[in-house]
Each structure stands twice: as C-alpha cells, then as structure tokens.
Amino acid sequence: MNHLVVYLIVSAILFALGLLAVVSRRNAIAVLMGVELILNSANINFVAFTKFSATTLDGHIVAIFVIIAAAAEAAVALAIVLNIYNNYKTINVDDAASLRG
Amino acid sequence: MLFGNLIFYLFVAITVLSAGVVVFSNKLTYAVFALLFTFFGVAGLYVFLEADFLAAVQLLIYVGGVLVLLLFGVMLTNKITDVRISQGSMNRVIGGLIALGIFGILAYVAVTTVWNSSGGRSISETVNTIGILLMTKWLLPFEVASVLLLAALIGAAMLARRPRSRRESS
C-alpha cells in the first residue's frame, strides 16, 4: 500500500490545486490558502522521500522549517490583508492594484 | 493489511477532495473549513509515513494556528451580516489548463522515474533523532528560524495595529 508513487501523485494533485487557487481566486485569503496547499504538497514530498529513499531524517527537519516559514508567512500576510481591507474596503486582489500608498 | 490499505486511501481521498473544495467552493468559510480537513488528511499521511512528530506538529500549528488565523482574516474582512461570503474567480479555464498541465508533468515524472526506493525502511525514534539533528547539523538554520519568527511576530503586530496612535508617537 505504501508506495512512493502514491504519495508523489497526491502531492502533485495538491500542488496543482494550490496553483489553481493562487492563479484563479480573487479573494486574497483564498490565495493564501492556495499557498498553504502548495507548501503542504512540498512537505509530503520531503517526508515521503525521507521514508522511502533516504537514510537520515533530514527531510523531517526541512519539513519543520517549511512549517515554520508557513506560519510566519500566514501571520504577516494576514496583517497585510487587514491593512489592505482598512485602506480599500476590499480584499479583492485585482482592486488593490494601486502602487500609491 | 487490507484494513490499513483502506484507511490509507481514505486519508488520500479526504486530502484530495477537501483540497478540491478549498479551490472550487464559492463560499469562503466553506473553503476554510475544507482546508481543515485537508490539513487533517495530510497529518494522516504523515502518520502512514511514520513521521509521528511531524503529524503532531501539523495538527498543532496548521489546525491550531494557521487555520485560526485564516478564520480571523475571513471574519475581520467581511461583514458579519453578510452570511454568504462568496468570492468569484477569474481566468478559471486558463488557470485550470495550466494547473492540469503542471499536474500532468509532475505525475509523468513521478511515474516514469525509477526512484532510488528502498521499499520503505522503518523509522524509529523520530523525536530523539530530530532533536539531535536540530542541535548539531541544523543548528544555524534553527537559530535563523527563531529570528524569522521574532521578525514575523513584530512585523505582524506593527502591520495589524490601528494607525490611530501614529500622531501621538511622532
């Protein structure tokens, strides 16, 4: 049951869905959720290769760092989204395209 | 072994289907709650990969931290009276084609490549080994990650603060 290819396919599906969310959703929070999906797919790959073709646990360490980066990214990005909402009264990523502050 | 097989594919189905709901749902709150099930399914896959510490970390940080943050974001950026928080999407056809193409490439590579696979060795004592690795081989990235978290904390607090006190401080 535990074949490496199954995990890789699941990870590819998650990556494609996350990419689709990033590209096509207009709500900034939905875009953030797509980014989380992409990071999770990368993590699945790291952990799967750690189990199936590595001799150390370095993949787990990298996965932990990815989770740390994802948490920091979510916090800062949501603060930015709240600021955009306060300034523009919308979080549609197409409406907040002005470069003037 | 058949029962474990069933559970494994159940987790795979949970992960993939709820990720689909995250992407294609029109209601943003539904998408956030579907993301909860996606994270839960990924944690289950970690358990099948014998990464028990990572599964616990996934549940604690993603479900307990990131998801609550996203829910706060949804609640704060939409009016409470607006029950149906719907957000359309654009370029769905082109984006779908691109995503499908990338999935095809990734799946083709994953299937056709002959991986250096040992058939799955059994991993024991992940917490012990991860702790030793973090304090020896990965010590510098560990410290950098702590500085990154501090910077994210300060930056998020600075950005999300009400700009009302700017006049008083300057």
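Throughout, read-outs are computed from the coordinates displayed, never taken from laboratory work. All of these numbers come straight from a predicted model, not from anything done at the bench. Note that we place each Cβ from the backbone using ideal geometry, even for glycine, and neighbour counts take in every protein chain shown.
Between A:HIS3 and A:THR90, 0.36 nm times their residue separation minus their Cα-Cα distance comes to what?
Full-extension gain reported as 26.8 nm.
So, with +1 on the Cβ of K and R and -1 on the Cβ of D and E, and no other charges, what is the size of the charge dipole of the protein assembly as shown about its Cα centre, to the nearest 20 debye?
That gives the protein assembly as shown a dipole magnitude of about 960 debye.
Around A:LEU20, with a cut-off of 15 angstrom between Cβ atoms, what is the net charge of the other residues, counting Lys and Arg +1 and Asp and Glu -1?
Once positives and negatives cancel, what remains is +2.
Compute from the Cα atoms of chain B the Rg and the Dmax, the latter being the longest Cα-Cα distance, and quote both in angstrom.
Spelled out, the Cα radius of gyration and Dmax of chain B are 21.0, 68 Å.
Taking K and R as +1 and D and E as -1, what net charge do the other residues with C-beta under 14 Å from the C-beta of A:LEU4 add up to?
+1
Mind telling me which of A:VAL31, A:VAL76, A:VAL66 comes out most flexible in a GNM of chain A, alpha-carbon contacts under 10 Å?
Fluctuation is largest for A:VAL76.
Net charge near B:LEU149, counting Lys/Arg +1 and Asp/Glu -1 over other residues with Cβ under 12 Å of its Cβ?
So the surrounding residues net to -2.
Figure the gain on full extension for B:THR29 and B:LEU10 (residue separation times 0.36 nm, minus the Cα-Cα span) and round it to one decimal in nm.
Extra length available between B:THR29 and B:LEU10 comes to 4.5 nm.
Take the alpha carbon atoms of segment A:63-101, find their center, do the same for segment B:1-64, and report the distance between the two centers in whole angstrom.
Going from one Cα centre to the other spans 24 Å.
How would you rank B:TYR30, A:TYR7, going from fewest to most other Cβ atoms within 10 Å of each one's own Cβ?
Fewest-to-most Cβ neighbours within 10 Å comes out as B:TYR30, A:TYR7.
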